[in-house]
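Below is one structure, written out as structure tokens, with a few remarks after it.
No lab work stands behind these numbers, since they all come straight from the coordinates. Computed from a predicted structure; not experimentally measured. As a convention, Cβ positions derive from the backbone with ideal geometry for all residues, glycine included, and neighbour counts pool all protein chains shown.
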Ligand code: NDP
């Protein structure tokens with residue numbers, strides 16, 4: 001249908017206020033624009049000149065110039081008109097649409113409706129598209145038109161699907177509308193008709209919405225099994241997101257002073273009975289909880305995967321099981337907690353009692369949510385403390401499950417409690433006078449803040465903080481093992497592991513060979529849907545973190561590191577909605593590059609070359625961090641000699657990132673204080689009482 005209806009292409013508001021003279025002027029402009037559209041459709045952009053338009057309209061070229069200035073002005077006005085017609089039709093349809101889905105349909109119908117989806121209008125659009133890149137005026141119109149369409153689509157879609165999905169579906173719809181027009185125009189409108197074009201878009205949108213609803217229902221069903229402790233209120237809540245899909249998993253209430261104080265009070269009361277039980281009794285409760293964790297491994301792993309984006313092949317094999325192992329280990333030690341007898345001669349002896357601290361707090365990071373909750377709670381509870389645990393606000397779900405499991409295992413009410421919230425809730429714990437210890441896993445800055453708060457009440461702290469650990473490969477190393485260690489120490493959990501060996505120092509003689517093997521094996525690493533058992537690298541934790549990782553990769557490139565593989569976001573298919581980054585290896589790195597100095601917490605490895613043993617030890621130690629280190633060599637003497645000189649809390653020889661619960665884990669320098677796991681952890685959850693026992697009369701000087 002031709003664009004010859006003035007009421008369609010003039011704004012109704014402008015029409016209401018128009019004088020008869022304005023009306024006549026407008027009618028002339030509309031006629032000239034109509035003629036321009038005809039001309040564009042028939043003779044194209046080049047053939048459409050002022051003279052051509054004047055001839056077609058039966059007026060002088062001067063009159064055309066009077067209205068539009070020059071050809072550019074005429075074309076811009078025509079393009080604006082085409083875009084406005086779609087906008088007006090969209091508004092008319094919006095007025096009748098009652099649901100967000102109907103409004104999305106209104107956008108589709110307005111763009112592909114029979115009144116303008118035809119050869120004439122289509123060819124005119126095509127002529128403009130060809131020019132948009134070279135003509136500022138047309139580009140402005142095109143940008144405004146696209147923006148309006150996208151923002152309408154996004155805001156309606158956001159009412160039915162999560163924000164990230166809404167954004168990408170809106171972009172897909174807009175691209176498909178353009179594509180349908182383009183195909184129709186290029187096929188000379190042979191097979192194009194409005195009805196099938198709209199049916200295609202409608203089927204696509206319905207299919208996509210259905211798919212998204214299914215995946216979010218699966219997410220929701222999993223998360224729905226988590227019973228939050230309190231209904232979220234409107235004021236402050238935590239939206240829990242699946243970082244692989246952008247789907248919302250849950251909304252939780254944020255705990256404030258009232259809830260934290262009440263939790264501490266409950267814990268104080270409950271701890272008295274808990275500490276009065278024998279170690280063996282406490283151990284039995286932990287054993288039962290460990291059994292429940294193992295029985296529920298798959299469901300817990302799936303929930304953890306949905307919340308963290310980590311591959312299910314990892315969470316099923318490691319996260320829950322290492323938590324269970326930790327409970328079993330400290331269950332065993334609970335009965336063996338003991339002080340010592342101290343011989344003071346025949347008239348006295350002494351002994352020490354290893355006593356719990358009282359109410360302690362655990363504050364977790366988001367990379368191993370359930371494991372961190374277990375690593376903190378198991379020794380705390382084994383020693384007779386009560387623990388209040390705050391998970392990271394990004395990953396609060398599996399800790400709730402752990403609390404349920406403890407309850408089912410017979411842990412008295414109040415001995416292990418979860419509070420939810422952001423840093424403010426964490427601060428309520430660190431500043432609470434009745435909490436005797438804080439165990440934090442988090443960033444260095446958070447560690448300092450926690451320690452400063454703890455100082456006010458001289459609370460004890462265990463701080464498990466960040467790292468930028470060295471992994472050193474000598475020229476006699478078994479090279480495939482060293483490559484395996486480097487892969488494990490950089491790409492496991494998409495690199496979101498505090499102890500990762502991200503500074504890979506390789507001896508000059510084997511560097512080329514090492515890098516080649518590394519490249520080949522990295523190329524085979526599978527990035528994908530975290531719920532697919534074949535996936536080896538899943539999503540990063542959040543869009544914000546994704547940006548941080550990508551910007552550090554960009555800095556690596558800019559500062560001259562040689563990108564061997566990876567370096568980009570992965571967006572193929574459904575991954576477009578998530579935060580995926582390809583495993584990335586930089587070679588030819590230098591010690592002063594940002595990627596070599598800063599913790600990236602993503603799948604980004606830096607390879608550095610070294611020549612001499614003393615040189616590599618000095619360079620490995622030249623970091624504020626001191627969490628972990630690894631050495632690959634077949635020379636046993638050298639391995640121990642080097643390890644002894646490395647400033648790191650946890651070291652591996654010919655392996656990387658294995659953390660058996662029997663071995664204490666923790667950092668030195670800015671990487672932390674105190675130890676988790678091993679017998680050493682018991683010291684951090686107990687205090688010694690020294691007792692002097694007289695066996696004879698007092699020899700009084702008074
Ligand atoms: P953050 O330090 O940002 O957060 C850790 C926890 O502390 C969160 O629960 C956070 O709450 C809370 N928090 C933040 N500020 C305060 C405050 N002032 N007082 C009390 N609590 C506070 O770390 P991430 O969660 O980002 O975790 C990543 C970091 O953790 C990395 O640096 C990584 O190296 C480190 N890490 C260390 C490990 C180790 O064992 N050494 C192991 C795993 C990770 P909220 O979530 O609301 O911000």
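When the convex hull of the C-alpha atoms of region 232-371 is computed, what volume per residue in Å³ does it have?
151 Å³
Rounded if a/c is under 1.5, else prolate if a/b is larger than b/c, else oblate: which is region 524-563, with a ≥ b ≥ c the root eigenvalues of its Cα gyration tensor?
Oblate shape, in that a/c is at least 1.5 and b/c is the bigger or equal ratio.
Apply 1/(1 + (r/R0)^6) to the Cβ-Cβ distance of residue 340 and residue 574, taking R0 = 51 Å, and write down the FRET efficiency to the nearest 0.05.
Between residue 340 and residue 574 the formula returns 0.30.
How big is D for the chain, in µm² s⁻¹ as a whole number, if Stokes-Einstein is applied with the Kirkwood radius of its Cα pairs at 10 °C and 1.306 mPa s?
The calculation lands on 53 µm²/s.
Kindly state, as a whole number, the per residue volume in cubic angstrom of the convex hull around the alpha carbon atoms of region 366-409.
60 Å³
Helix 479-491 versus the longest principal axis of the chain: what is the Cα-based angle in degrees, 0 to 90, to the nearest 10?
70 degrees
Run the quick spin-label model on residue 481 and residue 413: label points 7 Å from Cα toward the beta carbon, then report their separation in nm to one decimal.
Distance between label points: 5.5 nm.
Working out 0.36 nm times the residue gap between residue 298 and residue 133, then minus their Cα-Cα distance, what length gain in nm do you get to one decimal?
My answer for the length gained is 54.1 nm.
Please report the projected area of region 486-554's Cα convex hull averaged over all directions, in nm².
5.6 nm²
Provide Rg and Dmax in Å for region 351-442, with only Cα atoms included in the calculation.
Rg then Dmax for region 351-442, in Å: 12.7, 46.
Obtain the radius of gyration and the Kirkwood radius of region 400-480 from its C-alpha atoms and give Rg over Rh.
1.19
If you split all Cα-Cα distances of region 266-316 into 5 Å bins from zero, what percentages do you get per bin, shortest first?
In order of increasing distance, the bins hold 4, 19, 15, 14, 13, 12, 14, 9, 1 percent.
Grab every C-alpha pair in region 22-176, bin the distances at 10 angstrom width from 0 up to the longest one, and report whole percents.
So the P(r) values, bin by bin, are 11, 35, 31, 17, 6, 1.
Give the Rg/Rh ratio for region 574-650, taking Rg as the radius of gyration of the Cα atoms and Rh as the Kirkwood radius, to two decimals.
Answer for region 574-650: 1.06.
Once you sort the root eigenvalues of the Cα gyration tensor of region 97-215 as a ≥ b ≥ c, which label holds: rounded (a/c under 1.5), prolate (a/b larger than b/c) or oblate (the other case)?
oblate
Modelling each spin label as a point 7 Å along the Cα-to-Cβ direction, I'd like the residue 452/residue 202 distance in nm, to one decimal.
About 6.1 nm, to one decimal.
Give the Rg (one decimal place) followed by the Dmax (whole number) of region 425-572, computed from C-alpha coordinates and expressed in Å.
Rg, Dmax (Cα atoms, Å): 19.5, 58.
Based on the inverse mean of 1/r over its pairs of different Cα atoms, what is the Kirkwood hydrodynamic radius of region 364-511, in Å?
17.3 Å
Taking all pairs of different Cα atoms in region 52-140, averaging 1/r and flipping that mean, what Kirkwood radius in angstroms comes out?
14.9 Å
Let me have the relative contact order for region 497-654, percent, based on Cα pairs under 8 Å that are six or more residues apart.
24 percent
Taking the Cα centre of each part, how many Å lie between region 364-438 and region 46-93?
69 Å
When the helix-only estimate is applied to the chain (DSSP H runs of n ≥ 4, each -39,500 (n - 2.57), divided by the residue count), what is the mean residue ellipticity at 222 nm, nearest 500 deg cm²/dmol?
The per-residue figure over the chain is -17000 deg cm²/dmol.
Mind jotting down the three principal axis lengths of region 572-702 based on Cα atoms? Whole angstrom, largest first.
84, 45, 28
Roughly what percent of Cα-Cα pairs across region 305-384 reach past 16 Å?
63 percent
Which three extents, in angstrom, do the Cα atoms of region 437-501 have along their principal axes, listed largest first?
So the three principal-axis extents are 51, 23, 16 Å.
Nearest 10 degrees, 0 to 90: what angle lies between the long axis of helix 20-47 and the longest principal axis of the chain (Cα atoms)?
80 degrees
Quote the convex hull volume per residue of region 503-660, based on C-alpha atoms, as a whole number of Å³.
That works out to 134 Å³ per residue.
Looking at the calculated P(r) for region 159-207, what percent of the C-alpha pair distances fall above 17 Å?
Percentage above 17 Å: 40.
Any idea what diffusion coefficient region 285-438 gets from Stokes-Einstein, in µm²/s, Kirkwood Rh on alpha carbon pairs, 10 °C, 1.306 mPa s?
97 µm²/s
Relative to the longest principal Cα axis of the chain, at what angle does helix 279-295 sit, 0 to 90 degrees, rounded to 10?
Once rounded, one gets 30 degrees.
Evaluate the relative contact order of the chain (contact order divided by residue number), counting alpha-carbon pairs under 8 angstrom at least 6 apart; express in whole percent.
Across the chain, relative contact order equals 12 percent.
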